[in-house]
């Protein structure tokens, strides 16, 4: 998977490390092993992953709506934040929802919700009728390196966003 952060974001950890040390000096509390626990890194990575995905899809929605929709708004795609969550969101058009949800810091689910058909998964090559959701899972490598996997394979977030957006357009056109 391509790098999700910019060069300047890659140095945020140094700033955090310096602030933690200053706080340690002031409070007298020493945290020697926090960097070994991957929980913080999983949370940060899953939020960044969802933000990147949302940014891509916002661009696709805007562009699609510019080309497709007339002044009445027929066929327009809407994007909503899901309340009570850090950064879950959904696309909506013609009573179909494509929902992107962080179930926990190492699991992101993606699925359709339709008023008529209920919940179903986006189609995959070779498996066109799948129930449930797709699951994107975090894998923690050495040195707390986190990669995101679908069915055990590394993913490219840009290709993934294009795929789900296209699948949403095809299913919501009905």
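The values are calculated or read from the model by the stated rules, or taken from the named source; none is laboratory data. Here the structure is a predicted model, which is why all the values come from computation and not from measurement. Here the Cβ is made from the backbone with ideal geometry for all residues, glycine too, and neighbour counts use every protein chain on show.
(1) on the phi > 0 side of the Ramachandran plot; (2) under 19 Å from the mean Cα position of the chain (by Cα): which one isn't true of residue 28, the others all being true?
(2)
At pLDDT 90 or above, over 19 Å from residue 54 (Cβ atoms), within 15 Å of the chain's Cα centre (by Cα) and not in a helix (DSSP H, G or I) - does that describe any residue in the stretch 150-161?
The answer is yes; a qualifying residue exists.
State whether the residues of the stretch 37-54 include one that is in contact (Cβ under 8 Å) with a residue 60 or more places away in the chain and in a loop (DSSP other than H, G, I, E, B).
For the stretch 37-54, residues in contact (Cβ under 8 Å) with a residue 60 or more places away in the chain and in a loop (DSSP other than H, G, I, E, B): present.
Could you count how many residues in the stretch 148-174 are surrounded by 14 or more Cβ atoms within 10 Å (Cβ to Cβ), touching a residue at least 24 places away in the same chain (Cβ under 8 Å), in contact with a helix residue (DSSP H, G or I) (Cβ under 9 Å, 6 or more places away or on another chain) and over 19 Å from residue 69 (Cα atoms)?
Summing the residues that are surrounded by 14 or more Cβ atoms within 10 Å (Cβ to Cβ), touching a residue at least 24 places away in the same chain (Cβ under 8 Å), in contact with a helix residue (DSSP H, G or I) (Cβ under 9 Å, 6 or more places away or on another chain) and over 19 Å from residue 69 (Cα atoms) in the stretch 148-174 gives 6.
One line per residue, one yes/no per condition, for (1) farther than 19 Å from residue 160 by Cβ; (2) assigned to a strand (DSSP E or B):
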{"site": "76", "(1), (2)": "yes, no"}
{"site": "80", "(1), (2)": "yes, yes"}
{"site": "83", "(1), (2)": "yes, no"}
{"site": "86", "(1), (2)": "yes, no"}
{"site": "90", "(1), (2)": "no, yes"}
{"site": "97", "(1), (2)": "no, yes"}
{"site": "100", "(1), (2)": "no, yes"}
{"site": "103", "(1), (2)": "no, yes"}
{"site": "110", "(1), (2)": "no, yes"}
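Taking residue 132, is it exposed (fewer than 14 other Cβ atoms within 10 Å of the Cβ) and at pLDDT below 90?
yes
Regarding residue 86, is this residue surrounded by 12 or more Cβ atoms within 10 Å (Cβ to Cβ), in contact with a helix residue (DSSP H, G or I) (Cβ under 9 Å, 6 or more places away or on another chain) and farther than 20 Å from residue 172 by Cβ?
yes
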